[in-house]
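Every number here is computed from the coordinates shown, using simple stated rules; none is lab data. The structure displayed is predicted, hence computed values, not measured ones. Cβ atoms come from the backbone with ideal geometry, glycine included; neighbour counts cover every protein chain shown.
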Amino acid sequence: MNKLVIAAACAVVVTGAQADGGNYALDPTHTFVTFEVTHFGTSTNRARFDKKEGMVQFDRAARTGRVEITIDMASINSGVPPFDGHLRSKDILNVSEFPTAKFVGDKFSFSGDKVTAVAGTLTMMGQTHPVTLKANRFNCYLNPMFKREVCGGDFETVIQRSQWGVNYGLPAVAPDNVRLVVQVEAVKQ
Amino acid sequence: MKFPALLLTVTAASAAAQPAAYVLDPAHSFVHFEVLHFGTSTSRGRFGPIAGAVTLDRSAGRGAVSLRVPTTGVDTGLPVFNARLREADLLASTEFPDAYFVATRFRFEGDRLAEVRGEFTLRGVSQPLSLFARRFACRSDEGTEVCGGDFEGELLRSDFGATFGLPFVADRVRLLVQVEGRRH
């Protein structure tokens, strides 16, 4: 009887601990946002945001989570410095006035214990609109370097840039649809 | 009496068969690579701008391409990764500062380029590589013809001797190639 009570108490404690959710720190070396947009319908331009920070709370048992990622918009990197300069200018991302973009995802969808989508909002150039990141891949593993659990995956979404007022070159130079490709890994704290 | 007509036909045919030459536009010619990290997320990096020349003969369904891919300037967004990638057990950039893709086997579907088969040389090791066109188009840019597209290929890095980090960082590497060439 006592054993049962203790076991039940342990179960409650364990469940309670899991329900609190784990805090995960973004691993900046495996967390990147890259955008892809076609150029005159011919080829795909890609650029990556090199500086970002954020946090992840994730509870597989409760199937809940929250992620916040802040992107330093000036850190955009296409490999073509004049293109980066143009992207930062008032024509396109207006980085001097809007230095950061922020994704807040608080609706996690699961299949089994794998995250399949994270829905939330993207704030960019002063405007906030809903965005859902679809997981193409999700996994947790024990990282031998950190000796800690790392969870992460590959996410993507397609946004209409005009929703945020990014209208330059529509539609001939580059279309409204921009694909965001997101690599994320986060280390359990 | 039919000779002049025949001659004209031959002349016209050789004119049409004259391949057009293109020089890669450095603002729109890059190789991105993707490799899976711990089976969890995809790490990406970029080479380029890549340099090179392409000849295309769309009516004859032929072409040739010769690209130089500088590995010294590999860019992942992380200086520490870039330096690690340049080491001898990965890109070996000191000894082999460039990779090359040379191809003469072009497959067209109609006048749309579908596949380019050739040889990729990395770390001084040459292996066959096919790049599949996901997109291909030509347009006029203020009177100059520009052709380009998105190409995709896969290789096993161990085939080229780039073995560091196996199997935690996958052997299979996906290449995403953006090219645009201006006719000259």
Per DSSP loop assignment and a cutoff of at most 14 other beta carbons within 10 Å, chain B keeps its longest run without exposed GluC sites (Glu not before Pro) at B:1-86
What the 20 Å binned alpha carbon P(r) of the protein assembly as shown shows, as percent of pairs per bin from 0, is 26, 50, 19, 5, 1, 0
Amide H contacts under 5 Å for B:R46, restricted to residues at least 5 apart in sequence or on another chain and with H modeled in the peptide plane, are B:F33, B:D75, B:T76
Mind checking which of B:T72, B:F47, B:P167 is farthest towards the positive end of region B:7-183's charge dipole, using Cβ charges of +1 (Lys, Arg) and -1 (Asp, Glu) about the Cα centre? B:P167
Residue by residue through region B:103-108, which ³J(HN,Hα) values in whole Hz follow from phi under the Karplus form 6.51 cos²θ - 1.76 cosθ + 1.60 (θ = phi - 60°), with glycine and proline marked x? 8, 10, 9, 9, 10, 9
How far, in degrees from 0 to 90, does helix B:3-17 lean away from the longest principal axis of the Cα atoms of chain B, to the nearest 10? 20 degrees
Of the listed links A:K51/A:K90; A:K51/A:K147; A:K114/A:K134; A:K51/A:K114; A:K107/A:K134; A:K102/A:K147, those spanning more than 23 angstrom between alpha carbons are A:K51/A:K147; A:K51/A:K114; A:K102/A:K147
For a quick check of your reading of the filter: which trypsin sites (Lys or Arg not before Pro) in region A:82-186 sit in a DSSP loop and have no more than 11 other Cβ atoms within 10 Å? A:K90, A:K147
How high is the relative contact order of region B:56-131? Use alpha-carbon pairs under 8 Å, at least six apart in sequence, and give a whole percent. 29 percent
Cα-based radius of gyration of region B:68-184 once divided by 2.2 N^0.38 Å, which approximates compact folds: 1.20
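Using the Kirkwood radius over C-alpha pairs as Rh, can you work out the diffusion coefficient of region A:139-189 via Stokes-Einstein at 37 °C, viscosity 0.692 mPa s, in µm² per second?
The estimated diffusion coefficient comes to 244 µm²/s.
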Within the under-11-Å Cβ sphere about A:K107, not counting A:K107, Lys/Arg +1 and Asp/Glu -1 give a net charge of +1
Considering region A:48-178, what Rg and Dmax in Å follow from its alpha-carbon atoms? 16.6, 50
Can you give the helix-only mean residue ellipticity at 222 nm for chain B, where every DSSP H stretch with n ≥ 4 adds -39500 (n - 2.57) and the sum goes over all residues, rounded to the nearest 500 deg cm²/dmol? -3500 deg cm²/dmol
For chain A, find the longest principal axis of its Cα atoms and tell me its angle to the long axis of helix A:2-20, 0 to 90°, nearest 10. 10 degrees
Within 10 Å of the Cβ of an average residue in A:28-40, the count of other chain Cβ atoms is 4
